[in-house]
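The values are calculated or read from the model by the stated rules, or taken from the named source; none is laboratory data. Because the structure is a prediction, the values reported are computed rather than measured. Here Cβ is always computed from backbone atoms with ideal geometry, including for glycine, and neighbour counts include all displayed protein chains. Areas reflect the complete protein model, heavy atoms only, side chains present, ligands, DNA and RNA absent. Shrake-Rupley method; radii C 1.70, N 1.55, O 1.52, S 1.80 Å.
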Amino acid sequence: MSTSFKSAMERLKCSIRDVPDFPKKGIVFKDITPILTNGQLFRLAVTIFTERYQRKSVERIVAIDARGFIFGGALAHHLGVGLTLVRKKGKLPYKSNSIEYGLEYGQGTLEMHIDGVEKNQRVVIIDDLLATGGTAEAAAKLVELSGAEIVEMAFLVELGFLKGRERLEKYPIFSAISY
Ligand code: AMP
């Protein structure tokens, strides 16, 4: 890892704000909004993803509700590929597949349009943060229901101690920042 790459990662990491007891007591919420409000840092975060995927023949970015949309939208724009939204229950207008999942602080259902991705399409799934991996696993199942191929799952932040990577062991995982 080059020194400038390392220091860029450190700058991103230092900007993430810990918010204790949000949204529930005992959860330390990793607030990435200070990265978004700083133009240089936001660009840096998007550049890390763009450089990683620009030569991997990725055909579609699948972004997870809601902060995954921010990085996913920018990444799809830079790669010149389409963007598919995985949303929380009841938000998508068209016919959708649904998967129930458990997360660090609750239960939920994720949905994706039945034509959100195409069979054999090379897909990167993206979200802001990997915790227990339940959310990303549900998104992966939605992608697989449509027969697309998961090239990698990408996260800005990984909470290693929650072992999401182990839960997602059948998928390649990339995270820019780990705790
Ligand atoms: P999980 O399904 O447990 O991997 O949780 C990942 C999803 O929940 C992502 O969409 C994150 O945005 C959100 N999330 C879970 N835990 C945290 C946390 N400690 N700080 C910020 N976001 C979190």
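Any residue that is part of a loop (DSSP other than H, G, I, E, B) and either surrounded by 19 or more Cβ atoms within 10 Å (Cβ to Cβ) or at pLDDT below 95 (or both) - is there at least one of those in region 94-101? No, there is no match, as no residue in region 94-101 is part of a loop (DSSP other than H, G, I, E, B) and either surrounded by 19 or more Cβ atoms within 10 Å (Cβ to Cβ) or at pLDDT below 95 (or both). Restricting attention to region 49-66, does a residue exist that is surrounded by fewer than 19 Cβ atoms within 10 Å (Cβ to Cβ), within 16 Å of the ligand (Cβ to nearest atom) and farther than 22 Å from Ser7 by Cβ? For region 49-66, residues surrounded by fewer than 19 Cβ atoms within 10 Å (Cβ to Cβ), within 16 Å of the ligand (Cβ to nearest atom) and farther than 22 Å from Ser7 by Cβ: present.
When region 21-41 is filtered for residues that are touching a residue at least 24 places away in the same chain (Cβ under 8 Å) and more than 16 Å from the ligand (Cβ to nearest atom), only Leu41 remains.
Taking region 33-82 and the helices (runs of 4 or more DSSP H) fully enclosed by it, the elements with 2 or more residues that are more than 21 Å from Ser178 (Cα to Cα) are at 67-79. Flag not set for Tyr101, criterion: away from the ligand (no atom under 16 Å from the Cβ), in contact (Cβ under 8 Å) with a residue 12 or more places away in the chain and of a type in the set (Phe, Trp, Tyr). Anything in region 106-125 that is in a strand (DSSP E or B) and open to solvent by 10 Å² or more (accessible area, probe 1.4 Å)? List them, or say none. Correct list: Gly106, Gln107, Gly108, Thr109, Glu111, His113, Arg122.
Is it the case, given these coordinates, that Lys6 is basic (Lys, Arg), more than 15 Å from Asp127 (Cα to Cα) and touching a strand residue (DSSP E or B) at 6+ places or on another chain (Cβ under 7 Å)? Considered against the rule, which asks whether it is basic (Lys, Arg), more than 15 Å from Asp127 (Cα to Cα) and touching a strand residue (DSSP E or B) at 6+ places or on another chain (Cβ under 7 Å), Lys6 comes out as no.
Tally time: how many residues in region 127-151 are touching a residue at least 60 places away in the same chain (Cβ under 8 Å), open to solvent by 20 Å² or more (accessible area, probe 1.4 Å) and within 16 Å of the ligand (Cβ to nearest atom)? Of the residues in that region, 2 qualify. In the set Phe174, Phe71, only one residue is out of contact with any Ser or Thr (no Cβ under 9 Å at 6 or more places or on another chain), more than 12 Å from the ligand (Cβ to nearest atom) and in contact (Cβ under 8 Å) with a residue 24 or more places away in the chain; that residue is Phe174.
Residue selection: Leu83 fails the criterion of being within 16 Å of the ligand (Cβ to nearest atom) and either over 23 Å from Arg167 (Cβ atoms) or of a type in the set (Ser, Thr, Tyr) (or both).
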